[in-house]
Amino acid sequence: MAVLRAGLTARYCGRCQSSDLGPIKPRFGSIPVFSQPWWRRSSGFMMVRRCLLEHSKWDNPLPLSLERTAEHLDLEKEKDNTLPTGTRDLVSLRDVDIREEEAKGIANTEQTQTEVPYIKKEVEYVDKEATALTKVLYEKKETKVVDKEEHAQTLVSFTKEEAVEVDEGEQTRIKVTYNIVFITAEAAPYSKTGGLGDVCGSLPIALAGRGHRVMVLSPRYLNGTLNSHYASAKDLEKHINVSCFGGDQEVAFFHEYRAGVDWVFVDHPCYHRPGSLYGDEHGTFGDNQFRFALLCHAACEAPLVLPLGGYTYGENCLFLVNDWHASLVPVLLGAKYRPHGVYKDARSILIIHNLAHQGVEPAITYENLGLPAQWYGALEWIFPTWARKHALDTGATVNILKGAIVTADRILTVSQGYAWEITTAEGGQGLDELLSSRESVLNGITNGIDVDIWNPAIDKHIPFNYSVDDLSGKNLCKAALQKALGLAVRPDCPLIGFIGRLDYQKGTDVILSTMPELLQDDVQFIMLGSGDPDTEQWMRWAESSYKEKFRGWVGFNEPFSHHITAGCDILLMPSRFEPCGLNQLYAMRYGSVPVVHCTGGLRDTVEIFDPFADEDGRGTGWAFSPLSGESMLAALRTAIKTYREHKSSWEGLMKRGMLKDFSWDSAAAKYELIMEWALMDPPYVR
Ligand SMILES: Nc1ncnc2c1ncn2[C@@H]1O[C@H](COP(=O)(O)OP(=O)(O)O[C@H]2O[C@H](CO)[C@@H](O)[C@H](O)[C@H]2O)[C@@H](O)[C@H]1O
């Protein structure tokens, strides 16, 4: 009920008397309110969205970039004095219903000079198989999916065989390229605390490689450790003021063009402080809402004001907003820009890497976000009574991720399994009903990995390189790891590894509780991670208590994570939930066998070993369920037994994992498809 309340708070609009209980008449004559298909119109939220949109059209401050454009074009004469002051320039310049022919001409000229058209159509030759696949994808889209099960199957069912059958002869297809703008709190190698950084550091490159124009916007963190990564980023000398948190905030932009991608870093003193990206030894930074609201405001301006390579990205772009840090962007598009005719044809896609982090702050902070008051409902989030802290706590908060869930054109998660899990009460983190209501635009695409950085044949972070054809280097890596850790160098002793944030999500509590029992066996265990201080403390204790068998490395150490991935035999991931998980993919690529909890992306990517299937067995690891000490130990013991007693089966497991294709290529093609679907539908918030 709390969720319902949060999602559908205002079912009746006091300003325009619209209600979701019956047909609503268009309010402002020319603006079509029934622009959505019927299944999207059915919820009360849609009504609220429409009303808010209509009202905000008249109350919004003018987006900064447009003030400048209007000034530049000197359209003072064209102003319609019947409009509120702030919107006059804009309406005369940008609105599609622009009335003055002359102004229209000027606007068009300006646009062609500064913007690259975002859809460039070109005919190119592709191989038969790819053509056939494309055709299948289009056919799937044409049959509009309303049925739940069929919907879940849509992306799954793109099989090669099917594709080949459909089309044998066709040789050409239209290649469409987009202007894509990623907004993210992390992008490796510049900034990274986890998988978000990995994905936003490599997916943009894969998309750029497929012909798209791609910009990645993230903060320019200067925290003393990663500063050298920004050395090649040049100050664009474009300082702008964005309006939020009670005034104008000045931000600057730095830029580096690398691997076909425009890496743009938003600069502001709030990103320059010691510690990690989100906090320091005293905990999470108290002003993270400000830091990421600023990122979102700057990100909405960047495509309009930054001439990258001589041209701005322009209005017609696709925003890929990652996690809560970027989730204000779809709301800003709807609340601040579209009412003025800007970004009318842009689309936004929310990518959920981790639903557990939603950017929730007290409701009073809403007024800082630079949004019109009428849009409060889009972010409003009421905690259930049991979750409130004291008698006077009303449970009223703003939830930034929720804002994107209810305004983005499409929603993606990083695996298909997780896309389903978040629509259930168990996996929805309180947002399941809201996400279910948007099921028709919710998909999952399993992450790829950067196969150049994570390649045992050329990896500089490991002492010996190896490949699937010659695994001898892997044994040497294991010996080197054991030596470096001060453990006995024993090729026969299974070495188990864990790498990750020390967090409830990662199931570290299950590791802690089973360690005494596990270490009764003849095994070695290495654990790398940082996060929960109690777990860090436990790691120190365990290292001194199990001197012969356990090593704990507290901290974030990327080269060492590569060495562990190469050197261990088994990689353990007992994650409570896992949207995708990258370490199991890295492990398989390095010939280490994953033992994982059967959840989310882990279930999708680790195929359970079956020694009796095929000639040499089938599968790449073990997935246990439920998440308990007993089932984890049972899976580990089976893996250890296989390692010790069935050498050829083990080698088969390693090789099958190493031969899997985890590159971004196929995932990037699916992203293109989702972008295409986003553009087929009209903008969700107009
Ligand atoms: N102490 C340490 N030292 C060095 N490296 C460390 C480290 N701790 C973690 N890492 C690295 O950080 C990355 C973590 O990847 P995960 O997929 O586990 O990410 P995370 O849970 O942060 O991300 C979320 O986003 C990603 C991306 O979408 C999803 O895969 C995932 O399920 C979701 O929870 C890996 O590259 C790992 O090697």
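Selection of the stretch 316-338 for residues being part of a helix (DSSP H, G or I) and open to solvent by 10 Å² or more (accessible area, probe 1.4 Å) yields TRP324, HIS325, LYS336, ARG338.
Within the stretch 532-551, if we keep just the residues that are of a type in the set (A, V, I, L, M, F, W, C) and assigned to a helix (DSSP H, G or I), the residue that is surrounded by the fewest Cβ atoms within 10 Å (Cβ to Cβ) turns out to be TRP541. Quick check on the stretch 489-525: of everything there that is within 12 Å of the ligand (Cβ to nearest atom) and not in a loop (DSSP other than H, G, I, E, B), which residue is farthest from the chain's Cα centre (by Cα)? Checking each candidate, the answer is GLY497. Against the list (1) under 25 Å from the mean Cα position of the chain (by Cα); (2) open to solvent by less than 10 Å² (accessible area, probe 1.4 Å); (3) closer than 16 Å to LEU636 by Cα, the condition GLY529 fails is (3).
Quick check on my filter: what residues within the stretch 609-644 are among the β-branched types (Val, Ile, Thr), over 16 Å from GLY581 (Cα atoms) and open to solvent by less than 30 Å² (accessible area, probe 1.4 Å)? Matches in the stretch 609-644: ILE640, THR642. The residues of the stretch 479-496 that are touching a helix residue (DSSP H, G or I) at 6+ places or on another chain (Cβ under 6 Å) and over 19 Å from ASP521 (Cα atoms) amount to a single one, LEU481. Within the stretch 196-234, the residues that satisfy the criterion of being open to solvent by 50 Å² or more (accessible area, probe 1.4 Å) and among the small types (Gly, Ala, Ser) are GLY209, GLY224, SER228, ALA231, SER232.
The set of residues in the stretch 596-608 that are outside any helix (DSSP H, G or I) and surrounded by fewer than 24 Cβ atoms within 10 Å (Cβ to Cβ) comprises CYS598, GLU607, ILE608. Among residues of the stretch 646-663 that are hydroxyl-bearing (Ser, Thr, Tyr), those with a beta-carbon under 7 Å from a residue that is in a helix (DSSP H, G or I) at least six positions away or on a different chain give the pairs SER649/THR642. Does at least one position in the stretch 552-569 carry a residue that is among the hydrophobic types (A, V, I, L, M, F, W, C), more than 27 Å from ARG589 (Cβ to Cβ) and open to solvent by 10 Å² or more (accessible area, probe 1.4 Å)? No: zero hits. Among the residues making up the stretch 457-476, those that are within 16 Å of the ligand (Cβ to nearest atom) and touching a helix residue (DSSP H, G or I) at 6+ places or on another chain (Cβ under 8 Å) are ASP459, HIS461, ILE462.
Just to be sure before I move on: is LEU585 out of contact with any His (no Cβ under 9 Å at 6 or more places or on another chain), open to solvent by less than 40 Å² (accessible area, probe 1.4 Å) and near the ligand (Cβ under 10 Å from one of its atoms) in the structure I sent? For LEU585, the condition - out of contact with any His (no Cβ under 9 Å at 6 or more places or on another chain), open to solvent by less than 40 Å² (accessible area, probe 1.4 Å) and near the ligand (Cβ under 10 Å from one of its atoms) - is met.
Evaluated against (1) over 23 Å from GLU578 (Cα atoms); (2) within 14 Å of the ligand (Cβ to nearest atom), ALA185 falls short on exactly one condition, (1).
Does GLU250 meet the test of being assigned to a loop (DSSP other than H, G, I, E, B) and away from the ligand (no atom under 16 Å from the Cβ)? Considered against the rule, which asks whether it is assigned to a loop (DSSP other than H, G, I, E, B) and away from the ligand (no atom under 16 Å from the Cβ), GLU250 comes out as no. As a summary of the residue check, PRO274 satisfies the conditions (1) in contact with a Cys (Cβ under 6 Å, 6 or more places away or on another chain); (2) open to solvent by 10 Å² or more (accessible area, probe 1.4 Å) except for the one numbered (1). Taking the stated definitions as given, is SER648 among the small types (Gly, Ala, Ser) and at pLDDT below 95? Criteria met by SER648. Of all residues in the stretch 330-353, those that are acidic (Asp, Glu) have Cβ atoms under 9 Å from Cβ atoms of residues that are surrounded by fewer than 23 Cβ atoms within 10 Å (Cβ to Cβ) and in a helix (DSSP H, G or I), 6 or more apart or on another chain, in ASP345/LEU679.
Taken over the stretch 409-439, residues that are surrounded by fewer than 22 Cβ atoms within 10 Å (Cβ to Cβ) and acidic (Asp, Glu) amount to 4. Being in contact with a Pro (Cβ under 9 Å, 6 or more places away or on another chain), away from the ligand (no atom under 14 Å from the Cβ) and of a type in the set (Val, Ile, Thr) is true for just one of THR424, THR407, THR385, THR413. Which residue is that? Unique residue meeting the criteria: THR407.
Could you please let me know if LEU659 is under 30 Å from GLU517 (Cα atoms), open to solvent by 30 Å² or more (accessible area, probe 1.4 Å) and either over 33 Å from the mean Cα position of the chain (by Cα) or not acidic (Asp, Glu) (or both)? No, not satisfied.
Sort out which residues of the stretch 480-509 are open to solvent by 10 Å² or more (accessible area, probe 1.4 Å) and either under 17 Å from ALA635 (Cα atoms) or of a type outside the set (A, V, I, L, M, F, W, C) (or both), and write them in order of number. Passing the criteria: LYS483, GLY486, ARG490, PRO491, ASP492, GLY500, ARG501, ASP503, TYR504, LYS506, ASP509. The requirement of being crowded, with 20+ Cβ neighbours inside 10 Å, assigned to a helix (DSSP H, G or I), within 15 Å of the ligand (Cβ to nearest atom) and modelled with pLDDT of 95 or more is fulfilled nowhere in the stretch 440-456; no residue meets it. The residue list ARG347, ARG388 contains one member that is open to solvent by 10 Å² or more (accessible area, probe 1.4 Å) and in contact with a helix residue (DSSP H, G or I) (Cβ under 8 Å, 6 or more places away or on another chain), which is ARG347.
For the condition open to solvent by less than 10 Å² (accessible area, probe 1.4 Å) and within 23 Å of the chain's Cα centre (by Cα), PRO574 qualifies. Set side by side, the residues HIS357, HIS353 differ, and just one is in contact with a Phe, Trp or Tyr (Cβ under 6 Å, 6 or more places away or on another chain), within 16 Å of the ligand (Cβ to nearest atom) and open to solvent by 10 Å² or more (accessible area, probe 1.4 Å), which is HIS357. Restricting attention to the stretch 277-298, the residues that are buried (at least 16 other Cβ atoms within 10 Å of the Cβ) and not polar (S, T, N, Q) add up to 12.
Contact annotation: residue pairs with Cβ atoms under 7 Å, 6 or more positions apart or on different chains, pairing a residue in the stretch 181-195 that is under 21 Å from LEU528 (Cα atoms) and open to solvent by 10 Å² or more (accessible area, probe 1.4 Å) with a partner that is within 11 Å of the ligand (Cβ to nearest atom) and assigned to a helix (DSSP H, G or I), are ALA188/GLY197; ALA188/ASP198; ALA188/GLY201; PRO189/GLY201; LYS192/ASP198. Tell me whether the stretch 557-569 contains one or more residues that are aliphatic (A, V, I, L, M) and not in a helix (DSSP H, G or I). No, that holds for no residue.
The values are calculated or read from the model by the stated rules, or taken from the named source; none is laboratory data. Keep in mind that what you see is a predicted model, and the values were worked out from it rather than measured. We place every Cβ from the backbone using ideal geometry, glycine too, and count neighbours over all the protein chains shown. Please note that ligands, DNA and RNA were not included when accessible areas were found on the heavy atoms of the full protein model with its side chains. Shrake-Rupley method; radii C 1.70, N 1.55, O 1.52, S 1.80 Å.
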